Each structure stands twice: as structure tokens, then as C-alpha cells.
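Engineer: Just dropping this structure here.
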Amino acid sequence: MTRMERIANLTGVVVPFVGVIVAIGLLWNRAVDAADLAILAAMYLLTAVGVTVGFHRLLTHRAFQTYPWLERVFAVLGSLSVQGSVMDWVADHRKHHAHADKEGDPHSPHVGHGTGLRGLWHAHTGWLLETQGQADWKRYAGELYEDRHMRRIGRRFPLLVLISLLIPTAAGFIVHGFTLGGAVRGYIWGGLVRIFLVHHVTWSVNSICHFFGRRRFDIDDRSTNVAWLSLPSLGESWHHNHHAFPRSAYHGLRWWELDPSGLLISALERLGLAWNVVRITPERQMQKTHVRISA
């Protein structure tokens, strides 16, 4: 990783954190209202879905198919989460699955960086200063590399970061009566705070969901399911389920495993915007469970 890449990633970690500190001050002084929180929620959902449904289930694992134009929309939404370009994200995540919790995994808490808190720190944030964006696009994201539209979206990542901040700033400016103060509030809540929350929820899947939680499938890596994280992660924290069946469009495999991203894919399917949706039958799940019921 180059020095400039480290600086860029460190900036992406530190600046949203500063925004959260400012936001706490604003909350303490009541300089926040329902409009600010609505901008935060809308930007969170749009960009988080861009990661969970777009970057992850569609572009990385091909858990369903859709129209090329919708693939590009998801790629843009995922880019607005400020987690790296679409090709970097997909290549890193495919490399993670290829070497899950073994040497070569970009963000395992169990190999290469000690154990315990040191490993957990690396999986959550430390990897951004060492291994993020270093996976070979041609090897791990070949079809995206060959797609000129995806390459164009990837090259425009810096512009998309700017747009990711301009949208909530403009929204705050408008809803607060075309005032500078409203623009600043939109920038802080819908921009910096939202980026901070989306980042740390996503990174928690890398760290917490390979460290704490429950397991039920007989697989080699150390992924776990973490129920309390399922709502903010939009279903991504059923991570052990995902590692057992990476191509599944649904990470929540039981009726009570909350999976908003899976519900959105089902809605797209009903609207004719998604097809060949990958589902895992109970029989396939039983084949991988730790405890098998004998006949």
C-alpha cells in the first residue's frame, strides 16, 4: 500500500469520527431535529443497501441477476458509502472468501496480526492501512475489470465521495430554509455521521462476526452469526450463514433471522428486477449442520 493510499484511508476513518464528535455536541445543544435525522436515515439506507445488496450479494457473489443499468446503480450507491471503489471492494471480499481466516485473508482477526484485541483491531480498522485495496482486480474481479462501465465507476470513486457529501449538504440547505447552518447540519449528519456509522457497521462484520457469536454449520473458517447486529447491518451479521453458503441471496436462513437486504432482493424479484435468485434449501442446510439428525 502506498503512502498516499494510507493517508486517504486514514482520512476516511478520522474525518467521520470528528464529525461524530461534533454531532454529539450538536445533540447536547439541541441543534438537531427530525429533518436532520431523516437525512441521516435516508443516506444510511441508500448507501448501506449499495454495500449489502450491491457490492456484496450482487457484484461479489452473484446471488441474483438483474439488468446492467441496475447493477451500475448499485455500484454507484455502494461507492457513496466511501468504502473504496467497486473493484477494490469486490476483489478484497473475494480474496477474503478465498483465504478466510488463513494467510492471505485481508482482514482476519486470527492470522498475521496476533490474537485477541490486536487481531480484532486489525480486522476492524487496521487492515485499511495495510491490505485494503491491494487484491488483484484481474484475478479476483475479472469480469468487473473487463466491464468498461464498472471501470468508469471505479475511476470516478473520488468524485463519488464528493457527491456522497454534497447530497446531504444540499438536502440540509433546502429543508432548513436555504441557510448555511442547514447545509452544515446536513453535511455533519447525512455526511460524516452517516459515513462513520456505515463504515463501523460494515467493519464489525469483518471483526465481531469472526470473533464473537454463534455457529451451526460445519465449515473451516471462524465466522459467526451475531443477532444484535442484524438490523443495523441489514442482515449481513448472519455472517456464518453467509460463509457456509456464499452465493445465497439470503443471509438470514431461519424465519426469525432478520435480513432486510434479503427482503429487498425479494421485492426486486416480485417487481421483475431480479431473477435467478439463489436460495438454500433446508436439506442443503442440514447437510452442513454440526448436529445431524439420524434417520
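Engineer: Can you spot a residue in region 206-228 that is of a type in the set (Lys, Arg), under 22 Å from VAL49 (Cβ atoms) and in contact (Cβ under 8 Å) with a residue 60 or more places away in the chain?
Structural biologist: We begin by selecting, within region 206-228, every residue of a type in the set (Lys, Arg); these are 214-216, 222.
Among the residues that remain, those that are also under 22 Å from VAL49 (Cβ atoms) are: none.
No: zero hits.
Engineer: Let me ask something else. Got a sec? Which of VAL82, VAL90 is in contact with a Leu (Cβ under 7 Å, 6 or more places away or on another chain) and not basic (Lys, Arg)?
Structural biologist: Working: VAL82 fails: in contact with a Leu (Cβ under 7 Å, 6 or more places away or on another chain).
Residue meeting the stated conditions: VAL90.
Engineer: Among the numbered criteria (1) of a type outside the set (A, V, I, L, M); (2) buried (at least 21 other Cβ atoms within 10 Å of the Cβ); (3) in contact with a Gly (Cβ under 7 Å, 6 or more places away or on another chain), which one does GLU103 miss?
Structural biologist: Every listed condition holds for GLU103 apart from (2).
Engineer: Okay, moving on. Are there helices (runs of 4 or more DSSP H) fully within region 178-257 with at least 3 residues that are within 24 Å of TRP89 (Cα to Cα)? List them.
Structural biologist: Working: elements: 180-186, 194-207, 239-244.
Those helices (runs of 4 or more DSSP H) span 194-207, 239-244.
Engineer: Give THR66, THR52 a once-over and let me know the one that is in contact (Cβ under 8 Å) with a residue 40 or more places away in the chain, touching a Ser or Thr at 6+ places or on another chain (Cβ under 9 Å) and among the β-branched types (Val, Ile, Thr).
Structural biologist: Going through THR66, THR52 in turn, just one is in contact (Cβ under 8 Å) with a residue 40 or more places away in the chain, touching a Ser or Thr at 6+ places or on another chain (Cβ under 9 Å) and among the β-branched types (Val, Ile, Thr): THR52.
Engineer: OK, next. Quick one: ASP220 ticks every box in (1) touching a His at 6+ places or on another chain (Cβ under 8 Å); (2) surrounded by fewer than 19 Cβ atoms within 10 Å (Cβ to Cβ) bar one, so which box is it?
Structural biologist: Among (1) touching a His at 6+ places or on another chain (Cβ under 8 Å); (2) surrounded by fewer than 19 Cβ atoms within 10 Å (Cβ to Cβ), ASP220 violates only (1).
Engineer: Taking only pairs six or more apart or across chains, which ones have beta-carbon atoms under 7 Å, a first residue in region 129-154 that is in contact (Cβ under 8 Å) with a residue 12 or more places away in the chain and part of a loop (DSSP other than H, G, I, E, B), and a second residue that is surrounded by fewer than 21 Cβ atoms within 10 Å (Cβ to Cβ) and of a type in the set (A, V, I, L, M, F, W, C)?
Structural biologist: GLU130/MET1; GLN134/MET1
Engineer: Quick one: count up the residues across region 6-47 that are hydroxyl-bearing (Ser, Thr, Tyr) and surrounded by fewer than 13 Cβ atoms within 10 Å (Cβ to Cβ).
Structural biologist: Our first condition is that a residue be hydroxyl-bearing (Ser, Thr, Tyr); within region 6-47, this holds for 11, 44, 47.
Within this subset, residues satisfying the condition of being surrounded by fewer than 13 Cβ atoms within 10 Å (Cβ to Cβ) are 11.
Result for region 6-47: 1.
Engineer: Given the residues ALA48, ALA41, ALA91, which is the only one that is modelled with pLDDT of 95 or more, part of a helix (DSSP H, G or I) and either within 20 Å of GLU143 (Cβ to Cβ) or touching a strand residue (DSSP E or B) at 6+ places or on another chain (Cβ under 7 Å) (or both)?
Structural biologist: Exactly one of ALA48, ALA41, ALA91 is modelled with pLDDT of 95 or more, part of a helix (DSSP H, G or I) and either within 20 Å of GLU143 (Cβ to Cβ) or touching a strand residue (DSSP E or B) at 6+ places or on another chain (Cβ under 7 Å) (or both), namely ALA91.
The values are calculated or read from the model by the stated rules, or taken from the named source; none is laboratory data. From a predicted model like this one, the values you see are computed outputs, not experimental measurements. Glycine gets a Cβ as well: all are built from the backbone with ideal geometry, and neighbour counts include every protein chain shown.
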